[in-house]
Amino acid sequence: MFQAAAGIAAAARIGGLLELDISRLGGPRARRFSLDAMPHDAAVVDHKRDPFWKMKKLAHSASRVVVPNLSRPIPDWSGPVYVEPHFHFDPAVLSISGSCYLQGYFQSPKYFAGAESRIRRAFDLTACVSEAAINTSKRFGEADVAVHIRRGDFVADSRARQVHGVLDWGYYQAALKVLEQQARVQTIHMFSDDLEYARSIFLNDKRIVFQRGLSEHDDMFLMSRVRRHVIANSTFSWWSAWLDERPDATVVAPKAWFTSQTLTTKNLKDLFPEAWIIL
């Protein structure tokens, strides 16, 4: 979503079209593409599976911004390539004035500053969620909190674990305490890719309701509809909180976005919106 958002903003700035290259997705270790259910207007391309991709590009005269899910540009791209130089925001991307291949993660809202309304329309989750999720969201109260626990490959994959790490129980305790000091917490809506683990650490808290949507779109939508958020070191919950556009929404995020070792090489100064509380 960060890559797509940066691409949407860049394409809008140059008055061009956006393509999302999903060639890297679908492998044994790769995630599947899930933005196809959202109402963005980007073209989704896969040069590995579409032998006519290059011909189509050459036949199209409009300026194009291509955002890849690749570690390197595709072999037959002959235009300019922008490579993100570091984790924090690089203002040089704003100077792109024509067709370009964007390579990077672009994990900062500064990459799409000024295009927020366009991004929210592109990621409008009401277009792809279940009726059950919509009905559930109507029962959320002003004193409720959404908590997201991210585990998955952060636990199971040693490489991911070394980079990202897993948040400990202390972070969630501290985050909930901050919110309780601001206003009473009525119900805690718990979301996780490992609900059994979440149940084990929140076993004695009677305020918790464990939520499981019918899809990842349901979960992100439901989290976005709770006014107060405790997010994990996860872009999934980052976006669920950002998509909550209510001015009185409260977000608590972890400063331990990566492991301490990884943080020596990455600067998080542009990762979070200014209004968020960082613990």
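The values are calculated or read from the model by the stated rules, or taken from the named source; none is laboratory data. Because the structure is a prediction, the values reported are computed rather than measured. Don't worry about glycine lacking a Cβ; one is built from the backbone with ideal geometry, like all the others, and counts go over all protein chains shown. Side chains are part of the model used for accessible areas, which takes the heavy atoms of the whole protein and leaves out ligands, DNA and RNA. Shrake-Rupley method; radii C 1.70, N 1.55, O 1.52, S 1.80 Å.
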| task | Just give me the residues in segment 243-259 being charged (D, E, K, R) and modelled with pLDDT under 95, in sequence order. | result | 245, 246, 248
| strands (runs of 3 or more DSSP E) within segment 1-81 that include 2 or more residues closer than 24 Å to residue 236 by Cα and at pLDDT 85 or above | 17-21
| request: Those residues that are within 21 Å of the chain's Cα centre (by Cα) and open to solvent by less than 50 Å² (accessible area, probe 1.4 Å), I need them from segment 89-107; list them, please. | output: 89, 90, 93, 101, 102, 103, 104, 106, 107
| Just to be sure, is residue 163 in contact with a Phe, Trp or Tyr (Cβ under 7 Å, 6 or more places away or on another chain) and either in contact (Cβ under 8 Å) with a residue 24 or more places away in the chain or surrounded by fewer than 20 Cβ atoms within 10 Å (Cβ to Cβ) (or both)? | yes
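Conditions (1) over 17 Å from residue 237 (Cα atoms); (2) in contact with a helix residue (DSSP H, G or I) (Cβ under 7 Å, 6 or more places away or on another chain); (3) of a type in the set (Gly, Ala, Ser); (4) assigned to a strand (DSSP E or B), marked per residue:
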residue	(1), (2), (3), (4)
170	yes, no, yes, no
174	yes, no, yes, no
191	no, yes, no, yes
196	yes, no, no, no
199	yes, no, no, no
| Of all residues in segment 193-209, which are out of contact with any Gly (no Cβ under 7 Å at 6 or more places or on another chain) and open to solvent by 60 Å² or more (accessible area, probe 1.4 Å)? | 196, 197, 199, 200, 203, 204, 206, 207, 209
| message | Tell me yes or no: at least one residue of segment 181-192 is open to solvent by 30 Å² or more (accessible area, probe 1.4 Å), at pLDDT below 90 and not aliphatic (A, V, I, L, M). | response | no
